[in-house]
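To start, the structure itself, in structure tokens.
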Amino acid sequence: MSIRDFLNRFLKGESGPERRTTERIYAGDQVEGTLRDLSEEKAHEMEVRDVSTQGVRVACEKTFPSGTLVELKILVPDIFQGEPVIQVQAKVIHAYKLEEQRRYRIGCQFVHPDAAARARIEKLISWMKVRPIR
């Protein structure tokens, strides 16, 4: 999809109403991880673009259809104690690739994260709010 097509859809209201109810925090290029379709063995490298308490938007070379259940492994910065990965299941809400982009942008909604994963996601968001963006 070209930028022109995307903007035309957006301006015509075809992108749908805003459903997000929590603040998204921009990640810059500082948070990476892997994304894996639960029906496959192979994990694909990703970069986190932004995150909220309810979901994440990532950049990945592979696309996934809406509704696909995936496993996200988000590598957390050194400031975290203990396990260096947030592991959580999510559902793909949308995926798109603009003409000039080399990777797909994939929006995912977390699916029933346990208390430990929620706490680590909130800690990641707190860190992202105060860290310098590169």
So which residues in the range 73-101 are among the aliphatic types (A, V, I, L, M), part of a loop (DSSP other than H, G, I, E, B) and either over 19 Å from THR63 (Cβ atoms) or open to solvent by 50 Å² or more (accessible area, probe 1.4 Å) (or both), if there are any at all? VAL76, ILE79
Collect the residues in the range 78-115 that are farther than 18 Å from GLY33 by Cα, over 11 Å from the mean Cα position of the chain (by Cα) and not polar (S, T, N, Q), keeping them in residue-number order. TYR96, LYS97, LEU98, GLU99, GLU100, HIS112, ASP114, ALA115
Across the range 102-134, which residue is least open to solvent (accessible area, probe 1.4 Å) among those that are farther than 14 Å from ARG49 by Cα, part of a loop (DSSP other than H, G, I, E, B) and not charged (D, E, K, R)? PRO113
Here the qualifying pairs (Cβ atoms under 8 Å; residues six or more apart or on different chains; first in the range 104-120 and in contact (Cβ under 8 Å) with a residue 24 or more places away in the chain; second in a helix (DSSP H, G or I) and surrounded by 15 or more Cβ atoms within 10 Å (Cβ to Cβ)) come out as PHE110/ALA117; PHE110/ILE121; PRO113/ILE121
Take LYS91 and decide whether it is touching a Leu at 6+ places or on another chain (Cβ under 9 Å) and over 18 Å from ARG24 (Cα atoms). no
Is it true that HIS44 is open to solvent by less than 50 Å² (accessible area, probe 1.4 Å) and at pLDDT 90 or above? yes
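The values are calculated or read from the model by the stated rules, or taken from the named source; none is laboratory data. Predicted, not measured: the structure shown is a model, and the values here were computed from it. Here Cβ is always computed from backbone atoms with ideal geometry, including for glycine, and neighbour counts include all displayed protein chains. With ligands, DNA and RNA removed, areas are computed over all heavy atoms of the protein, side chains included. Shrake-Rupley method; radii C 1.70, N 1.55, O 1.52, S 1.80 Å.
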